[in-house]
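This report concerns only the one structure given below.
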Amino acid sequence: MRTTVRVIQGRLAESEPHRTSAIEAAYQHFRLDRQGSLVARSTLDHYDWTLLPFLAWLEAEHPGVRAFEQLDVQFVREWRVACSERLTRHGKPYEAASLHDFHRSL
């Protein structure tokens, strides 16, 4: 029996593929290392909870920042302000301890 594959062309096929920045790659390597060290799933989830929003914010707000050499303390300060303005999934402001977690993770 022969399988036929049909290629669909559209918006996703035409858009530029996402290029992983050095900062994103470093996080992926760090996470794989921790996963290989058998840390708890909840720990990996915590890393994702604190760092993935930062990476998304950095890409949206400062798309030209792709290497550690370009990442200075000013971006971290801006991120902390953005976090302090965000609401939890319950619609409440984050507590100081949660904001500290975001900062400590960076």
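A compact table of results
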{"quantity": "In Å², nearest 10: area of GLU61 left accessible to a 1.4 Å probe", "calculated": "110 Å²"}
{"quantity": "TYR94 long-range amide H proximity, modeled H, under 5 Å", "calculated": "THR88"}
{"quantity": "Shape category assigned to the stretch 30-106 from the gyration tensor of Cα positions, a/c cut at 1.5", "calculated": "oblate"}
{"quantity": "In the stretch 20-84, the trypsin sites (Lys or Arg not before Pro) that fall in loop regions by DSSP, at most 16 other Cβ within 10 Å", "calculated": "none"}
{"quantity": "Additional length obtainable on full extension of the chain from LEU44 to ALA97, 0.36 nm per residue less Cα span", "calculated": "17.2 nm"}
{"quantity": "Residue-by-residue Karplus 3J(HN,Hα) for the stretch 36-49, coefficients 6.51, -1.76, 1.60, Hz, glycine and proline x", "calculated": "x, 8, 6, 5, 5, 4, 5, 5, 4, 4, 5, 4, 4, 5"}
{"quantity": "Label-to-label distance, nm, for residues given as LEU106 and PHE30 (7 Å Cα→Cβ offset)", "calculated": "1.2 nm"}
{"quantity": "Fraction of accessible area attributable to carbon and sulfur, the stretch 12-106 (%, probe 1.4 Å)", "calculated": "55 percent"}
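The values are calculated or read from the model by the stated rules, or taken from the named source; none is laboratory data. Because the structure is predicted, anything quoted here is derived from the model rather than measured. Here Cβ is always computed from backbone atoms with ideal geometry, including for glycine, and neighbour counts include all displayed protein chains. Heads up: the accessible areas ignore ligands, DNA and RNA and are worked out on the full protein's heavy atoms, side chains in. Shrake-Rupley method; radii C 1.70, N 1.55, O 1.52, S 1.80 Å.
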